[in-house]
Each structure stands twice: as structure tokens, then as C-alpha cells.
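Some notes on the structure that comes next.
The values are calculated or read from the model by the stated rules, or taken from the named source; none is laboratory data. Since the structure is predicted, the reported quantities are computational estimates derived from the model, not experimental observations. Positions of Cβ are generated from backbone atoms using ideal geometry, with glycine treated the same way; all protein chains shown enter the neighbour counts. Ligands, DNA and RNA are stripped out before the accessible areas are found, and what is left, the full protein with its side chains, is counted by its heavy atoms. Shrake-Rupley method; radii C 1.70, N 1.55, O 1.52, S 1.80 Å.
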Amino acid sequence: QVQLVESGGGLVQPGGSLRLSCTNTGNPFGIYVMGWYRQGPGKQRELVADITTSRHTNYADSVKGRSTISIDTGKNTVYLEMNSLKPEDTAVYFCYVVASRGNYWGQGIQVTVSS
């Protein structure tokens, strides 16, 4: 069973940075992809970035160039660093995993970009 624990959200000023972490505390066997989606107020959930266990990355155009996703397979953790944050980055960020036995989601963590 995959169990995802997210951390690192909070209130950040425009132009600031943050790092989100998501750790799988469950069984890591058969995981192909780890990543992040987000859902802003009144918006649909959208992909932010994801990374395969072979470290191929994929970014949404809206965060490309100011975000870095990385994975530590030894710690079963995926990290998302975001810089030059904008108010439109305000959202609940959800960690997700694609595994051989299904897809899994974290509970979500709030990121608010505001002065």
C-alpha cells in the first residue's frame, strides 16, 4: 500500500520560493512516476510536474523554468522546488504516484502566495 505524506506548504510572498516534499511511507515496489498536481480556487486540478524513477521530468508550461522536481528513491521522496512564486501559484498541491498496482494521491497541502 502506498501512503503519501506531504510537507512544505504555507504562506509565501510573491517572488519567494518554497520546497514541497512528498514521502511514500508505504510499499515503494512498482512505482513508476511521482509528481505533483495542483488545484487553485475555482480551477480544475492540473499537472505541475512529475518525474519517473529513471529521472525523466515533465513540467507544466506555467512553472517551467522556475521549478525543479527531483526524486530520492532511497528515501522514497519527491521534491518540488518553486521559485519566483506568483499569486496564481496559490493552490492546494497534491502529490501523486503512478504504480503498477494503481494511482495514489496525497491529501493535499495548501500553498498561498500573497503579500
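Data for the structure
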item: Accessible surface of the chain, 1.4 Å probe, proportion on carbon and sulfur as whole %; result: 47
item: Contour excess over end-to-end distance, with Cα ends at Tyr32 and Gln107 and 0.36 nm allotted per residue; result: 25.0 nm
item: Descending principal axes extents, segment 1-51, alpha-carbon based, whole Å; result: 38, 22, 17
item: Candidates per chymotrypsin sites (Phe, Trp or Tyr not before Pro) in segment 28-65, loop by DSSP, up to 10 other Cβ within 10 Å; result: Phe29
item: Backbone N within segment 66-107 under 18 Å of label point (7 Å from Glu46 Cα along the Cβ vector); result: 66-69, 81-96
item: Length-normalised contact order of the chain in % [C-alpha pairs under 8 Å, at least 6 apart]; result: 36
item: Dipole moment magnitude, nearest 20 debye, the chain about Cα centre, only Lys, Arg, Asp, Glu C-beta charged; result: 60
item: Set of segment 11-30 residues, backbone N closer than 12 Å to the point 7 Å along the Cα-Cβ line of Asp72; result: 21-24
item: Principal axis dimensions, the chain - Cα atoms, whole angstrom, descending; result: 42, 24, 22
item: Environment charge at Glu88 (Cβ cut-off 14 Å; Lys +1, Arg +1, Asp -1, Glu -1); result: +1
item: Trypsin sites (Lys or Arg not before Pro) within segment 41-115: DSSP coil, no more than 13 neighbouring Cβ in 10 Å; result: Lys43, Arg55, Lys64, Lys75, Arg101
